Amino acid sequence: MKRTKTCRAVVVFVSLVSLCAAGLAGTIHQGTGGNFVALEAEDFTSITHNSGTTDWIVVSTASPISSPVGNDVIPAGSNVSGGEALLADYGISGHGSTVTYQIKFDQGGTYRMYVRYSMYESGTAPTNYGNEDSFYRPNGFNQLPPAGDTNIVSGFSSTYVEGNYGWLNTGVNYTVSAGAVNYCV
């Protein structure tokens, strides 16, 4: 990962649908002298299920589940990190639940967001992934995501689907002061 002229450092947010480590991880620390923060989606502090939804599901290679079209969510040979992923459940049409990460920055600055993701066919439009590429992110730390679709995974790649994960530079920057913050998706 490269620093850009506009970024003092890099925050690596590993996607909502890829990652390792069990949930309820507590505060994620940047570390003294660090110029980035890396976290896995399963390192969340909490999940708040609103309106009776169960939008977020931790899936693993140890207890596989199938997609609505019958594909394993984490197929054999998947390049998922650590054997687990945080899946935004199928059939959710909006932002119903919130995953919160507590992050402690030792260095304030502007950080770039990267995600590692895979998309899964929901069966609603089997010829494309048009309804499976949404990602609700906040405009800043200590904020909830907006109700609208932020769709940072636009420019769909047929490479990163059905359990094959890849990196995306979202082009999104966050500015933060040193200290503890919440990041909610």
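The values are calculated or read from the model by the stated rules, or taken from the named source; none is laboratory data. The structure presented is a predicted model; accordingly, all values stated were derived computationally and were not measured. Neighbour counts are summed over all protein chains in view; Cβ atoms, including those assigned to glycine, are modelled from backbone coordinates with ideal geometry.
Only residues in the range 161-174 that are closer than 10 Å to Y117 by Cβ and of a type outside the set (D, E) count as the first member; pair them with residues that are assigned to a strand (DSSP E or B) and modelled with pLDDT under 80, Cβ under 6 angstrom, at least 6 apart or cross-chain, and list the lot.
Every condition considered, the pairs that remain are V161/M119.
Quick check on my filter: what residues within the range 84-124 are modelled with pLDDT of 85 or more, surrounded by fewer than 16 Cβ atoms within 10 Å (Cβ to Cβ) and outside any strand (DSSP E or B)?
D106, G108
Hey, any hits in the range 59-67 for a residue that's among the β-branched types (V, I, T) and over 23 Å from Y136 (Cα atoms)?
Checked the range 59-67: at least one residue is among the β-branched types (V, I, T) and over 23 Å from Y136 (Cα atoms).
I'm trying to understand the selection: among the residues of the range 142-159, which are under 15 Å from the mean Cα position of the chain (by Cα) and at pLDDT 70 or above?
L144, P145
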